[in-house]
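Here the structure comes first, spelled out in structure tokens, and everything after it is commentary.
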């Protein structure tokens, strides 16, 4: 087990509290609505402090949470809402066999991955044929907002554990082997403009 870096420890100290406020402002309902569709053996990548955990259906066959930040894994291990397995792991090289999960989920994860295209390929690999990927990601905005995100991304990457405010997740998803079946454009209930544009949806492995 790799010890968290100073940056990871700092991120684990402030980010869960920030997102808890966002969830209480309305984000939790978005999570609840989306995750109601999870079924069977389910994997969440980049689970953070576990804000999604209370919103999974109780009848899941299994819930596996992968989180590379050891400080956040400690917080995950304290969750008691559902039986779950918490693992260290890398979204770019998931340590699971092919076609092992019915559902894979990700919430505000792909902004901070080094190689998001490789991670999407891993999502596709570990899903069984017909399995679903439930995504919930902030994205690059249009017009002036996109320019602001471009300008502020270098600062945000330093403060928020590698978060790219201007990452075009939709384009990455469209270029992947997954097939998008549903997508909703909305806004995160936060005054922080760089992470406000949000997409929530479902993709499938054919």
| Within the group 51, 30, which residue is touching a residue at least 24 places away in the same chain (Cβ under 8 Å) and touching a helix residue (DSSP H, G or I) at 6+ places or on another chain (Cβ under 8 Å)? | 51
| message | Name the single residue that is modelled with the lowest pLDDT among those in the stretch 3-15 being within 21 Å of the chain's Cα centre (by Cα) and surrounded by fewer than 14 Cβ atoms within 10 Å (Cβ to Cβ). | response | 5
| message | One residue is enough: does the stretch 118-133 have a residue meeting the conditions closer than 22 Å to residue 13 by Cβ and crowded, with 16+ Cβ neighbours inside 10 Å? | response | no
| message | Looking at the stretch 77-93, I want the residues that are touching a residue at least 24 places away in the same chain (Cβ under 8 Å) and at positive phi and have a partner that is surrounded by 14 or more Cβ atoms within 10 Å (Cβ to Cβ) and assigned to a helix (DSSP H, G or I) with Cβ atoms under 7 Å, at least 6 apart or on another chain. Which pairs are those? | response | none
| query | Between a first residue in the stretch 186-206 that is free of Cβ contacts under 8 Å to residues at least 12 places away in the same chain and a second residue that is in a strand (DSSP E or B), which pairs have beta carbons less than 6 Å apart while being 6 or more apart in sequence or on different chains? | reply | 187/198
| query | What pairs can you find where one residue is in the stretch 128-143 and touching a residue at least 24 places away in the same chain (Cβ under 8 Å) and on the phi > 0 side of the Ramachandran plot, the other is surrounded by 24 or more Cβ atoms within 10 Å (Cβ to Cβ) and in a strand (DSSP E or B), and their Cβ atoms are less than 7 Å apart, with a gap of 6+ or different chains? | reply | none
| task | Just give me the residues in the stretch 78-92 being farther than 21 Å from residue 171 by Cα and in a loop (DSSP other than H, G, I, E, B), in sequence order. | result | 78, 79, 80, 81, 82, 83, 84, 88, 89, 90
| Right, residue 34: touching a strand residue (DSSP E or B) at 6+ places or on another chain (Cβ under 7 Å), modelled with pLDDT under 95 and either surrounded by 19 or more Cβ atoms within 10 Å (Cβ to Cβ) or under 21 Å from residue 158 (Cβ atoms) (or both) or not? | yes
| request: Among what's in the stretch 100-115 and is assigned to a loop (DSSP other than H, G, I, E, B) and touching a helix residue (DSSP H, G or I) at 6+ places or on another chain (Cβ under 7 Å), pick the residue that is farthest from residue 40 (Cα to Cα). | output: 113
| query | surrounded by 20 or more Cβ atoms within 10 Å (Cβ to Cβ) and farther than 21 Å from residue 134 by Cα - does that describe any residue in the stretch 55-69? | reply | yes
| Subset of the stretch 171-197 (residues that are modelled with pLDDT of 95 or more and buried (at least 16 other Cβ atoms within 10 Å of the Cβ)) | 172, 173, 176, 178, 180
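The values are calculated or read from the model by the stated rules, or taken from the named source; none is laboratory data. Since the structure is predicted, the reported quantities are computational estimates derived from the model, not experimental observations. Backbone-built Cβ (ideal geometry, glycine too); neighbour counts: all protein chains shown.
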